[in-house]
Amino acid sequence: MNKRVLISAILFTSMTSASVSAGWGDLLKEAVQDEDLQKQVINVVGGSDSSGKTTNLDTSTLINGLKEALEVGSKRAIEEISQPGGYLDNQNIRIPLPGTIDKVASLLRKYGLESQVDQFEESMNRAAEEAAPQATVLIVDAIKQMSIDDAKKIYEGSDDAATQYFKEKTSDKLRSLFQPSVKESLNQVGATRYYGELASEAKDIPYVGDKIDVDLDNYVTEEALNGLFTMLAAEEKKIRENPTARTTELLKQVFK
């Protein structure tokens with residue numbers, strides 16, 4: 001394993017936003033068993049080694065470590081939601097029935113349209129799962145283009161500071177990229193057909209038929225993006241809350 005890569009990750013996991021914490025030395029010893037490598041890390045981040053000598057923080061190494069952690073974490077989040085059930089089986093991001101349909105869903109079920117309602121909801125989530133991989137390139141590019149100032153703000157920011165950065169930098173591009181993919185996926189998994197059948201069979205139900213009017217492409221696109229950013233924020237929070245274990249896990253996956 002490249003020692004500089006390991007140093008980068010340890011930097012990200014072992015530093016506070018302002019200074020080296022009081023227990024940093026213990027964290028370092030737990031994370032790195034190689035005494036020579038411990039000394040290298042101390043020399044890079046600043047602090048005292050066994051001789052008591054203090055050195056300066058290598059900002060570029062810290063930033064590279066942060067970018068690396070964000071890139072791996074983002075790829076993992078996108079991969080997770082791209083799997084079958086990535087949206088459908090995750091209650092935090094599952095795409096619900098559109099508001100107008102949701103309000104009359106119980107009536108639709110009573111009129112014998114339960115299977116159509118369920119198929120429609122499932123197919124929307126399947127479409128989002130198929131479109132999700134499109135996000136990887138844009139998110140990774142946003143990380144690579146991150147300035148030193150951006151990275152410092154993220155490093156010192158709230159639990160979802162990186163996610164907010166991604167929203168600002170990629171939302172419009174992601175929306176433009178997602179919508180054609182969502183539209184294609186909706187057709188492939190049958191959501192468009194299920195919606196059409198549902199609307200057709202519900203049109204004669206009093207107070208129901210005239211309420212089923214949804215811009216399906218836009219609705220699923222926005223919900224898919226909301227789910228994406230929710231998962232990015234969850235991954236970012238994991239990195240921040242469990243730094244030593246999390247980074248070691250990331251490195252094991254990337255640098256086998």
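The values are calculated or read from the model by the stated rules, or taken from the named source; none is laboratory data. Worth saying up front: this structure is predicted, and the values here are computed from it rather than measured. Every residue, glycine among them, receives a Cβ derived from its backbone with ideal geometry; neighbour counts consider all protein chains shown. To get the accessible areas, we keep the full protein, side chains included, count just its heavy atoms, and leave off ligands, DNA and RNA. Shrake-Rupley method; radii C 1.70, N 1.55, O 1.52, S 1.80 Å.
One line per residue, one yes/no per condition, for (1) farther than 17 Å from Asn226 by Cβ; (2) out of contact with any Pro (no Cβ under 7 Å at 6 or more places or on another chain); (3) at pLDDT 95 or above:
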site	(1), (2), (3)
Ser82	no, no, yes
Ile93	no, yes, yes
Pro96	no, yes, no
Lys103	yes, yes, no
Leu108	yes, yes, no
Tyr111	yes, yes, no
Gln116	yes, yes, no
Phe120	yes, yes, no
*asked:* Exactly one condition in (1) among the hydroxyl-bearing types (Ser, Thr, Tyr); (2) open to solvent by less than 20 Å² (accessible area, probe 1.4 Å); (3) at pLDDT 90 or above is false for Thr61; which is it?
replied: (3)
_Sole residue being outside any helix (DSSP H, G or I) and over 25 Å from the mean Cα position of the chain (by Cα), chosen from Gly196, Gly112_ = Gly112
_Report every pair of residues separated by at least 6 positions or lying on different chains whose Cβ atoms are under 7 Å apart, first residue within segment 213-230 and farther than 21 Å from Val104 by Cα, second surrounded by fewer than 17 Cβ atoms within 10 Å (Cβ to Cβ) and hydrophobic (A, V, I, L, M, F, W, C)._
none
_Residues to consider are Asp210, Asp204; find the one that is modelled with pLDDT under 85, open to solvent by 80 Å² or more (accessible area, probe 1.4 Å), more than 20 Å from Ala161 (Cβ to Cβ) and in a helix (DSSP H, G or I)._
Asp210
*Under the condition of being among the small types (Gly, Ala, Ser) and not in a loop (DSSP other than H, G, I, E, B), which residue from segment 147-193 is nearest to the chain's Cα centre (by Cα)?*
Ala162
*asked:* Could you check segment 109-145 and list, in sequence order, the residues that are open to solvent by less than 60 Å² (accessible area, probe 1.4 Å), under 22 Å from Gly73 (Cβ atoms) and in contact (Cβ under 8 Å) with a residue 40 or more places away in the chain?
replied: Ala128, Glu129, Ala131, Ala132, Ala135, Thr136, Ile139, Val140, Ile143
*open to solvent by 10 Å² or more (accessible area, probe 1.4 Å), at pLDDT below 85 and of a type in the set (S, T, N, Q), is that true of Thr54?*
yes
